[in-house]
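These notes are about the structure you will find just below.
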Amino acid sequence: MHQQQTEQNEGTQSSGTHPTRAYPARSSNFSALQPSTSADRVQVDDTSLTSTATPGASARRSRRVPSVAYIFAPFAALVHDHVPANPQRSSMVHCLIRALQLLEHENIEVIPPSVASPDDLLQFHTRSYLDVISKCARGVAVSADTLARHGLEDDCPVFRGLAAHIRLAAGGSNTAARTPHPIAIHWDGGRHHARAGSAAGFCYVNDVALCVQALLATHARVLVLDVDIHHGDAMDSAFREDTRVLPVSIHHASPGFYPGTGAVDEGVWDPTGEGPVAVNVPIGTGCGDKTYCAVVDAVVGPVMERFRPSAVVVVCGADAVYGDPKGAEIARWTVTPAAIVHAVRAVRRELARVAGEQGKLVILGGGGYDHANTARTWANVTAVCLDGVVLPASVPDHTFAMQYAPLLDMAVDAPDPLEQRRRDPYTDRGGQAWWRLARLIDVQVERVPDHRRASDGDERQWATDESYEQVEQVVASQGEAHQRASSSTVQPGATQ
Ligand SMILES: [Zn+2]
């Protein structure tokens, strides 16, 4: 299977006769990662890469900065295609977005990822973990015990190009953080499970944490909204001590579902009273668009109003979308790309409200194991960042078009969640989480300590009594809507 994918990649590179079938000609970059090269030993050409990827380079141009930076380079996609959990996903995603002509929009600028240096990676990862990765890349024997100690087994095996994947995923998200564009998209990032000293949950590098750290250089507060269906566990622990960062995770939780963390009251409130460390919003089985959007509306506005970040990172994993074999299918969710788009729209709106023109939005990828639906979702999110773009109903002809067969629709055909609920007595429990969260938001508002306000140097940005009332009003109005929705469901006690 891997061989097949490599061959298709080669086809992608060389099929330059059709404008929608080929990446822009960058032969020098492609040549650095020819499949015949041992990818684990690939020495990424730092000199040529950094010269084209200098963050802020576009700002020096005379023309205005487009609103969206799209972090992508063909050679990087070929590297990320080798991630065992997501073979060829990167190429599929970028090819669809390119075929939809979104990269030709006047408001988008394609910027290649920088290559993270070892010092960059050490900002989050341990030296011993990086040493093991480096040894693997150089072909040095590493014992099974050492690999296991660093999580490099089972769902995170060592693979060809692992070191390059880590450096480019981290570099891409760093680039996204540093561009002057109000919005930066890096679909090859979002690896939110990786720990400082080990790989976990298909994630080898926590580019999300590195991206947040880069944003903290210029932003006082950074909110991370994680809509991947799995709890963003490593983000909770990465910034537990840092009150400048607030991870908010909307995810599925049920017995046995990975990673088994993220209960609504788990770590939400630091018992020392130092402040909120994370907001966890677990949703039960059977969630559809209606529930999902209601939860987003209940969470995003009040939390943004309260925390008032000037930068937001969205971990936009698409495994919450219907059909995902490692996410939605297990959770029996019927969420469609429209719900994920709704979340991104909500963040954009709220960020504009609380941060104005200073707001910076970084959108990263994440999980997504039904690659066609992942590409559909991320194409829709990319389009919504380019205001006014309407996508066609059908997938355009391109190299990977048949991956979307038989319907070739851009939409995801999900069953009606209400019908599903009639068949399934184990109904959606999202409402329970919603109500508990509403109460926690109240607690959070009451207990933000004074020293946090002082350390920010801008007391006005923190909630006043007036904004507290606004939060209450939002929660109350959402609650009424929620109750109305609940009463219209078929199952007694079912919530939507
Ligand atoms: Zn996931």
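The values are calculated or read from the model by the stated rules, or taken from the named source; none is laboratory data. Source: prediction; values computed, not measured. FYI the Cβ positions are ideal-geometry reconstructions off the backbone, even for glycines, and counts take in every protein chain you see.
Of the residues making up segment 313-336, at least one is surrounded by fewer than 17 Cβ atoms within 10 Å (Cβ to Cβ), within 16 Å of the ligand (Cβ to nearest atom), of a type outside the set (S, T, N, Q) and assigned to a helix (DSSP H, G or I). Say whether the condition of being β-branched (Val, Ile, Thr) and under 29 Å from Gly284 (Cβ atoms) is met by at least one residue in segment 233-248. Yes - at least one qualifying residue is present in segment 233-248.
Restricting the first member to segment 223-241 and to residues that are more than 13 Å from Asn206 (Cβ to Cβ), and the second to residues that are among the hydroxyl-bearing types (Ser, Thr, Tyr) and within 11 Å of the ligand (Cβ to nearest atom), the beta-carbon pairs closer than 7 Å and six or more apart or on different chains are His230/Tyr258; His231/Ser249.
Do we have Tyr369 as more than 14 Å from Leu223 (Cβ to Cβ), of a type in the set (Ser, Thr, Tyr), touching a Pro at 6+ places or on another chain (Cβ under 7 Å) and within 16 Å of the ligand (Cβ to nearest atom) here? Yes. Screening the candidates Val362, Val381, Val354 for the property of being outside any helix (DSSP H, G or I) and either within 18 Å of Asp188 (Cβ to Cβ) or away from the ligand (no atom under 16 Å from the Cβ) (or both) yields one hit, Val362. Among the residues of this structure, Ser143 counts as one that is surrounded by fewer than 18 Cβ atoms within 10 Å (Cβ to Cβ) and not β-branched (Val, Ile, Thr). A single member of Gly275, Gly267, Gly284 is touching a Ser or Thr at 6+ places or on another chain (Cβ under 6 Å) and at pLDDT below 85, and it is Gly275.
Is it the case, given these coordinates, that Ile250 is touching a Cys at 6+ places or on another chain (Cβ under 7 Å), in contact (Cβ under 8 Å) with a residue 60 or more places away in the chain and buried (at least 24 other Cβ atoms within 10 Å of the Cβ)? When the stated conditions are applied, Ile250 does not pass them. Only one of the numbered conditions (1) within 19 Å of Cys293 (Cα to Cα); (2) out of contact with any helix residue (DSSP H, G or I) (no Cβ under 9 Å at 6 or more places or on another chain) is violated by Ala352, and that is (1). Check whether at least one residue in segment 192-215 is more than 20 Å from Leu152 (Cβ to Cβ) and within 16 Å of the ligand (Cβ to nearest atom), and report yes or no. Within segment 192-215, none of the residues are more than 20 Å from Leu152 (Cβ to Cβ) and within 16 Å of the ligand (Cβ to nearest atom).
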